[in-house]
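Quick notes on the structure that follows.
The values are calculated or read from the model by the stated rules, or taken from the named source; none is laboratory data. As the structure is a prediction and not an experimental result, all values here were calculated from the model. For neighbour counting, all protein chains shown are included, and Cβ atoms are generated from backbone atoms with ideal geometry for every residue, glycine included. Side chains are part of the model used for accessible areas, which takes the heavy atoms of the whole protein and leaves out ligands, DNA and RNA. Shrake-Rupley method; radii C 1.70, N 1.55, O 1.52, S 1.80 Å.
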Amino acid sequence: MNHIAGFLAGLTASMGLGGGFILIIYLSFFKDVTQTAAGGINLLFFLPIAFVSAIIHLKNGLVEKSVLPVICVAGLAGAVVGVLLTGILDEGMLRKLFAVLLIIVGLKELFHKSGKITPLK
């Protein structure tokens with residue numbers, strides 16, 4: 001089962017869908033890891049890949065540099081709020097919120113019109 005979860009996480013990540021969803025679901029439901037711990041493990045796997053991806057996208061001109069400060073501040077604020085919520089909400093509520101997030105992202109991906117990515121000028 002570990003190999004299947006790793007394969008699916010890698011496959012979905014390589015398609016740009018986010019392998020973290022697979023990893024969190026696998027750890028939470030099949031390995032009985034708490035939602036908070038699964039999210040932390042996912043973050044440890046995500047950060048190095050995100051760093052390398054950011055460098056590659058910057059190099060290829062796919063990042064609008066003018067919005068970077070806003071995105072960084074918003075991301076940091078979201079992370080702080082998320083950490084605070086994990087201390088307030090119980091495990092069951094965190095699982096339900098994660099399920100809602102999965103449904104929203106899934107519906108967005110299903111109905112979003114895909115366009116060709118072109119480098120920014």
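From the phi angles alone, apply the Karplus equation (6.51, -1.76, 1.60; θ = phi - 60°) to region 45-52 and give each ³J(HN,Hα) in whole Hz, x where the residue is Gly or Pro.
6, 6, 4, x, 5, 5, 4, 5
Can you tell me the accessible area per residue over region 26-121, all protein chains present, probe 1.4 angstrom, in square angstrom?
Heavy-atom accessible area per residue stands at 81 Å².
What angle do you read, to the nearest 10 degrees and between 0 and 90, between the alpha-carbon axis of helix 91-111 and the longest principal axis of the chain?
Long axis of 91-111 versus the principal axis of the chain: about 40 degrees.
Once the piece of chain linking A77 and V100 is laid out straight, how much longer is it, given 0.36 nm per residue of separation minus the C-alpha distance between them?
That works out to 6.2 nm of additional length.
Which cross-chain or sequence-distant (5 or more) residues have an amide H under 5 Å from the amide H of G19, H modelled 1.01 Å from N in plane?
Close amide H contacts, sequence-distant or interchain: A13.
For helix 2-14, what angle does its Cα long axis make with the longest principal axis of the chain, in degrees from 0 to 90 and rounded to 10?
On a 0 to 90 degree scale, this one is about 30.
Over the chain, what percent of the accessible surface lies on carbon and sulfur atoms, probe 1.4 Å?
76
For volume of the Cα convex hull per residue in Å³, pick the label among (i) 125; (ii) 95; (iii) 145 that corresponds to the value derived from the coordinates.
Of the listed options (i) 125; (ii) 95; (iii) 145, (i) comes from this structure.
Any idea what the dipole of the chain comes to, in debye rounded to 20, about its Cα centre with Lys/Arg Cβ at +1 and Asp/Glu Cβ at -1?
Details: 9 positive and 5 negative charges, 100 e Å.
That gives a dipole near 480 debye.
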